[in-house]
Amino acid sequence: MKVMHILLILILLSSCITINSNGYRELSAQKKLQLQNFSAKSVNVYDADHPVKEVTAPALRSYLNQTEYTWVYIFVPYCKDSSCKPLMWYERTINNYKSKQINFLAISQVYDMGLINKQRQGFEHTVYVIKDAAYGHNMYKARDRFTAELLNDNPISRSRPAHMLFKRDSLIYYSAVMNKHAIDSVMARN
């Protein structure tokens, strides 16, 4: 009986590890070789051979200093909530603000290439993923570490904002949800 309890506990623990995993360990060796690091030179330049690139907060911060506005969206591609929109919605929204030159970076919490590719239909930009080697396998802890590092441990990072709008390297807006009204309001002030 004691062995059954221990076995049951081990099964439950292993399922929790898989459920919270970012999926990196499940990638084939070939898929891991296809991953490239974030490069400020190739932001939003779609590369069909490398449609998903890994990103770290320091690399992203250095890019923020080079651009006027950057909208960072951290997402999970399997989200079914009404607040989760396909990446194409963001591309259409950004096109409304071409004069403001907003750069949009979609950053996945997981390495599930199949779901990312479904999510990105019609989205002609690279999708980034929080780098496993820098932040670990647990997608929630990795996101928390990434966001804290990106925001220099600002308490805002603990609220887990999905959307962050930067003017240069200064955070000017953050929210769990972004809609047209919110971005209109923010861009009217800046």
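Summary of computed values
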read-out: Residue that is modelled with the highest pLDDT [pool: residues in region 81-101 that are touching a helix residue (DSSP H, G or I) at 6+ places or on another chain (Cβ under 7 Å) and either basic (Lys, Arg) or buried (at least 20 other Cβ atoms within 10 Å of the Cβ) (or both)]; value: LEU87
read-out: Matching residues in region 159-190 - criterion: being within 18 Å of ILE74 (Cα to Cα), among the hydrophobic types (A, V, I, L, M, F, W, C) and surrounded by 12 or more Cβ atoms within 10 Å (Cβ to Cβ); value: ALA162, MET164, LEU165, PHE166, LEU171, ILE172, VAL177, MET178, ALA182, ILE183
read-out: Region 123-160: number of residues that are in contact with a Lys or Arg (Cβ under 9 Å, 6 or more places away or on another chain) and on the phi > 0 side of the Ramachandran plot; value: 3
read-out: Members of region 111-139 that are surrounded by fewer than 14 Cβ atoms within 10 Å (Cβ to Cβ) and either more than 23 Å from LYS85 (Cα to Cα) or in contact with a His (Cβ under 7 Å, 6 or more places away or on another chain) (or both); value: ALA133
read-out: Enumeration of residues in region 60-72 that are surrounded by fewer than 19 Cβ atoms within 10 Å (Cβ to Cβ) and not polar (S, T, N, Q); value: ARG61, GLU68
read-out: Residue pairs meeting the criteria (Cβ under 8 Å; at least 6 apart or on separate chains; first under 19 Å from MET88 (Cβ atoms), in region 100-113; second outside any loop (DSSP other than H, G, I, E, B) and of a type in the set (Lys, Arg)); value: MET113/LYS31
read-out: Condition check for TYR46: modelled with pLDDT under 85 and surrounded by fewer than 19 Cβ atoms within 10 Å (Cβ to Cβ); value: yes
read-out: Any hit, region 106-121, residues being of a type in the set (A, V, I, L, M) and closer than 19 Å to ILE183 by Cβ; value: yes
read-out: Helices (runs of 4 or more DSSP H) lying entirely in region 94-190 (those with 3 or more residues that are under 14 Å from the mean Cα position of the chain (by Cα) and over 20 Å from PRO51 (Cβ atoms)); value: 139-150
read-out: Residues (within 25 Å of SER42 (Cα to Cα) and either modelled with pLDDT of 95 or more or surrounded by 13 or more Cβ atoms within 10 Å (Cβ to Cβ) (or both)) located in region 140-158; value: ALA142, ARG143, ARG145, PHE146, THR147, ALA148, GLU149, LEU150, LEU151
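The values are calculated or read from the model by the stated rules, or taken from the named source; none is laboratory data. What you see is a predicted model, and the numbers here were worked out from it, not measured in a lab. Cβ coordinates were reconstructed from backbone atoms using ideal geometry, including for glycine residues, and neighbour counts include every protein chain displayed.
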